[in-house]
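Colleague: The following block contains the structure, expressed as structure tokens.
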Amino acid sequence: MEQAERRARGWSRPDDQPVFEPVLTAAEIAEVEDQYGVELPEEYRTFLTEVGAGGPGPEHELTSLRRIDGNWVWIWGTHDVPMRPDPSGPFVESEHWRDRQVATLRAAGHEPTTPDEDDDYYDDYLTAFGEAGENLWYQERVRGAVQISDNGCGMTGWLILVGPHRGELRDRDCADNPPFEPYADAHGMPHTFRSWYLEWLQRRENEMR
């Protein structure tokens, strides 16, 4: 449908639209879960084994789950930098993020100062952990989740893998340290992978008619 629309509008490169990647086997899914020590949410596992390991999706495309150099990673479109989720702790909602930062800094023997308006305790991480502070700050912010979609203009979608909201989706804007906002359905309930994807698919079908 996407390619037909592009041809109808005279756009020159219909092949730019993402296509579904080959599905994964149950054994391959087991490899992914063994590698990261986490069980993928059931609806996402079903998608990977019955639809594809990447392809069209909200709002531009899904990230792709691939084996590269013997390791399973998520790839964002044409970007060649693999993404590896950190399932070592539960995903923390935006309103609790500063509490986690404070706990991490104090565990390292550093008493936090006043948080920055945009980046919270970023400078404290650099002071406490040196060059590793920037990477640690970012890893802790996305711990327990994996980027699941490219929404364009730096906006991304995230699937929660660990914690009380496992299986739900979060939206993240493109600011320096944007909050994670729950994707909600028409009734205000948090989207799971299945409801989120089917809502987008229905919307795209309606736009084509």
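The values are calculated or read from the model by the stated rules, or taken from the named source; none is laboratory data. As the structure is a prediction and not an experimental result, all values here were calculated from the model. For neighbour counting, all protein chains shown are included, and Cβ atoms are generated from backbone atoms with ideal geometry for every residue, glycine included. To get the accessible areas, we keep the full protein, side chains included, count just its heavy atoms, and leave off ligands, DNA and RNA. Shrake-Rupley method; radii C 1.70, N 1.55, O 1.52, S 1.80 Å.
Colleague: Please work out if Ala53 is within 15 Å of Arg66 (Cα to Cα), part of a loop (DSSP other than H, G, I, E, B) and at pLDDT 95 or above.
Modeller: When the stated conditions are applied, Ala53 passes them.
Colleague: Need pairs with beta-carbon distance below 6 Å; first residue under 17 Å from Ile160 (Cβ atoms) and within the stretch 34-61, second open to solvent by less than 50 Å² (accessible area, probe 1.4 Å) and among the acidic types (Asp, Glu); sequence gap 6+ or separate chains.
Modeller: Glu39/Glu33
Colleague: Additional query: Answer yes or no: is there a residue in the stretch 85-99 that is more than 20 Å from Arg143 (Cα to Cα) and open to solvent by 30 Å² or more (accessible area, probe 1.4 Å). Can you show your working first?
Modeller: Taking the stretch 85-99 and keeping what is more than 20 Å from Arg143 (Cα to Cα), we get none.
No, the stretch 85-99 contains no residue that is more than 20 Å from Arg143 (Cα to Cα) and open to solvent by 30 Å² or more (accessible area, probe 1.4 Å).
Colleague: Here are some conditions: (1) loosely packed, with under 15 Cβ neighbours inside 10 Å; (2) under 22 Å from Pro179 (Cα atoms); (3) of a type in the set (Ser, Thr, Tyr). Thr46 meets all but one. Which one does it not meet?
Modeller: Thr46 satisfies every listed condition except (2).
Colleague: Another question, if that's okay. Among what's in the stretch 49-67 and is among the aliphatic types (A, V, I, L, M) and open to solvent by less than 10 Å² (accessible area, probe 1.4 Å), pick the residue that is farthest from the chain's Cα centre (by Cα).
Modeller: This residue is Ala53.
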